[in-house]
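Q: A single structure is presented below for examination.
The values are calculated or read from the model by the stated rules, or taken from the named source; none is laboratory data. Computed from a predicted model, the values in this text were never measured in an experiment. Virtual Cβ from ideal backbone geometry, glycine too; neighbours counted across all protein chains shown.
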Number of protein chains: 2
Amino acid sequence: MDMQEFLDKGEELFLPNLSLDIAIMGFQDGELKVLLLEFEGGWSLPGGYVGRDESTDSAAVRVLEERTGLKQSFLKLFQVFGKKDRSFSNEFKKIAAKAGLSWHEELWINKRFVSLAYYALVDIDKTNPTGGEWQQAFGWHNVKDLPKMWMDHGEIASAAMEQLRRDITLEHISFNLLPEEFTMPELHQLHETILDKKLERSRFQKKMLSLGIFERLPKPKEDAPRRKPYLYKIKEST
Amino acid sequence: MDMQEFLDKGEELFLPNLSLDIAIMGFQDGELKVLLLEFEGGWSLPGGYVGRDESTDSAAVRVLEERTGLKQSFLKLFQVFGKKDRSFSNEFKKIAAKAGLSWHEELWINKRFVSLAYYALVDIDKTNPTGGEWQQAFGWHNVKDLPKMWMDHGEIASAAMEQLRRDITLEHISFNLLPEEFTMPELHQLHETILDKKLERSRFQKKMLSLGIFERLPKPKEDAPRRKPYLYKIKEST
DNA sequence: TATATTTGTGGCAATCTGACACAAATCCCT
DNA sequence: AGGGATTTGTGTCAGATTGCCACAAATATA
């Protein structure tokens, strides 16, 4: 292919569409949960597209805020899903039919999509999820027991979970899933849930505290059943 | 925005172009090098686009093979570059002018690009680099001393280097930069080069061998200056 | 007040790490 | 041929880290 041909035909030879999907994860009732949206009998991860005036990362920040109301959260691109026939043409056809929209094969949304997969860590109690402009149903689902998902969104959610599992021991990010003030037992239980295995309590506390990123508050947590544990928060300086 | 408007206008509101760039890295003369292509006075990483009939990953494999002749190598997506005004419109204008091509602002190639950044680890002696269809100049450059690069390709190459630095102690991938049979001193020097610091020799060898992924060959390396070191290769079973 | 449960912290053996030591192999020089 | 220098393989040992258990403090419940 010479250069002129490349210029003339490139657009149709290459250039898949680009989208992004976010596995927004939270911790509630001892379970790790992910925010899902319902649409025509299937569940999907919150997602969107990259606007002309924003970077891919700020598009992700925008989508996260649109869905949860949170302005600042831990957010990380962890994988790109780009299999060759990846599209949600079939699913969208149903939606269009039901909504009475004009639909045809050549529509951009029927083409193949490459999707940037992010995961976000949030404090569920701080979120205010909405169904968005199209008023979809939404809900927090245990990542270990996901409902019937659209396209490869089940795979993306599982991959996000695995990535978090890998990241958590290397980067210090888990506290993003807890309130600003939290106790060591809470952090301990969180790590056990994510890693799905027992972690020796004494060692865990010592290890966490030796990181030097936590600040112990003077007053212990009040609504605890037995001995009241200390509250910690992240040191400002970091 | 209602759903019909989304359908009608989505294509022009969103959807940046998608490209990929690969930092192909090799180890030669005690230096870590990256393969670069020259085009109109600037150097760039080998790159390309994702064809209709291939996944993003197979597009990367294809580009790697087109540039080096290698069918199998370590290849990994490590970042996505997606700043909002990211395009090589200006650079391309020059090229088109010189080549006598018709050029206009609305051409797809002038639009904004999101690029998937891969890095590859290769044995330089096994590669057979080419300038590709457009016969560009090419060469291996020390990553610590890069020439004037196109767009953000210098940043991508540096990021690839940093990523490799992080990956090398966690994943066992460094031997991809060496021939099939290599010695511990060679591996040692490679790690010192990548991490840019001294590593205690005795400890390094013990650590590497304790991984259990290397197989010692019966005969030592022949063309060594002093005491002949053992040769190792990766165990088949892994 | 006694008991059970939760939380904070200490101790110790086993393991891992970093730094140095030394022997074996081999080249170079006389 | 023999001594010295260099490179490579492996051993040792103190210090740090880890896994595991123990025990005391705090507190609700009976």
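Q: Out of all the residues in region B:96-110, which are aliphatic (A, V, I, L, M) and buried (at least 18 other Cβ atoms within 10 Å of the Cβ)?
A: Scanning region B:96-110 gives B:Ala96, B:Leu107, B:Ile109.
Q: Then there is this: Would you check if A:Glu180 is outside any helix (DSSP H, G or I), more than 15 Å from DNA strand D (Cβ to nearest atom), over 18 Å from the mean Cα position of the chain (by Cα) and surrounded by fewer than 13 Cβ atoms within 10 Å (Cβ to Cβ)?
A: For A:Glu180, the condition - outside any helix (DSSP H, G or I), more than 15 Å from DNA strand D (Cβ to nearest atom), over 18 Å from the mean Cα position of the chain (by Cα) and surrounded by fewer than 13 Cβ atoms within 10 Å (Cβ to Cβ) - is met.
Q: Sticking with this structure for a sec: Looking at B:Glu155, B:Glu180, can you tell me which residue is of a type in the set (Asp, Glu), within 30 Å of B:Val80 (Cβ to Cβ) and modelled with pLDDT of 95 or more?
A: After ruling out the rest, the residue left standing is B:Glu155.
Q: Ok, one more. Among the residues of region B:3-16, are any assigned by TED's automatic domain parsing to the domain that holds B:Phe138 and among the polar types (S, T, N, Q)?
A: Taking every residue of region B:3-16 in turn, none turns out to be assigned by TED's automatic domain parsing to the domain that holds B:Phe138 and among the polar types (S, T, N, Q).
Q: Kindly provide the set of residues from region B:133-144 that are in contact with a strand residue (DSSP E or B) (Cβ under 9 Å, 6 or more places away or on another chain) and either free of Cβ contacts under 8 Å to residues at least 60 places away in the same chain or under 20 Å from B:Val63 (Cβ atoms) (or both), ordered by number.
A: B:Trp134, B:Gln136, B:Ala137, B:Phe138, B:Gly139, B:Trp140, B:His141, B:Val143
Q: Which of the residues that make up region B:147-161 are outside any strand (DSSP E or B) and touching a Ser or Thr at 6+ places or on another chain (Cβ under 8 Å)?
A: The answer is B:Trp150, B:Met151, B:His153, B:Ile156.
Q: Could I ask something else about it? Checking the structure you have, find out if any residue of region A:212-221 is aliphatic (A, V, I, L, M), closer than 19 Å to A:Ser73 by Cβ and either touching a helix residue (DSSP H, G or I) at 6+ places or on another chain (Cβ under 7 Å) or in contact (Cβ under 8 Å) with a residue 24 or more places away in the chain (or both).
A: Yes, some residue in region A:212-221 is aliphatic (A, V, I, L, M), closer than 19 Å to A:Ser73 by Cβ and either touching a helix residue (DSSP H, G or I) at 6+ places or on another chain (Cβ under 7 Å) or in contact (Cβ under 8 Å) with a residue 24 or more places away in the chain (or both).
Q: In this structure, does B:Ile213 turn out to be outside the structural domain of B:Thr127 (by TED's automatic domain parsing), in contact with a His (Cβ under 8 Å, 6 or more places away or on another chain) and surrounded by 13 or more Cβ atoms within 10 Å (Cβ to Cβ)?
A: When the stated conditions are applied, B:Ile213 passes them.
Q: Which of the residues spanning region B:65-83 are out of contact with any strand residue (DSSP E or B) (no Cβ under 7 Å at 6 or more places or on another chain) and either surrounded by 18 or more Cβ atoms within 10 Å (Cβ to Cβ) or more than 10 Å from chain A (Cβ to nearest Cβ) (or both)?
A: Matches in region B:65-83: B:Glu65, B:Glu66, B:Gly69, B:Leu70, B:Lys71, B:Gln72.
Q: Looking only at strands (runs of 3 or more DSSP E) that lie completely in region B:1-61, which have at least 1 residues being crowded, with 18+ Cβ neighbours inside 10 Å, of a type in the set (A, V, I, L, M) and away from chain A (no Cβ under 14 Å)?
A: Per the criteria, B:17-28, B:31-39.
Q: Follow-up. A:Trp103 passes all but one of (1) within 14 Å of the chain's Cα centre (by Cα); (2) assigned to a loop (DSSP other than H, G, I, E, B); which number fails?
A: Single failed check for A:Trp103: (1).
Q: Quick check on this structure: which one of B:His172, B:His141 is more than 28 Å from A:Phe113 (Cα to Cα), under 22 Å from the mean Cα position of the chain (by Cα) and either in a strand (DSSP E or B) or more than 16 Å from DNA strand C (Cβ to nearest atom) (or both)?
A: Working: B:His172 fails: either in a strand (DSSP E or B) or more than 16 Å from DNA strand C (Cβ to nearest atom) (or both).
Result: B:His141 is the single residue among B:His172, B:His141 that is more than 28 Å from A:Phe113 (Cα to Cα), under 22 Å from the mean Cα position of the chain (by Cα) and either in a strand (DSSP E or B) or more than 16 Å from DNA strand C (Cβ to nearest atom) (or both).
Q: If you don't mind, another one. Somewhere in region B:111-118, is a residue part of a strand (DSSP E or B) and either in contact with a Cys (Cβ under 9 Å, 6 or more places away or on another chain) or surrounded by fewer than 18 Cβ atoms within 10 Å (Cβ to Cβ) (or both)?
A: no
A quick yes/no check of all residues on (1) within 28 Å of A:Lys144 (Cα to Cα); (2) not small (Gly, Ala, Ser):
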| position | (1), (2) |
| --- | --- |
| A:Glu38 | yes, yes |
| A:Gly51 | no, no |
| A:Ala60 | yes, no |
| A:Ser73 | yes, no |
| A:Ile109 | no, yes |
| A:Leu116 | yes, yes |
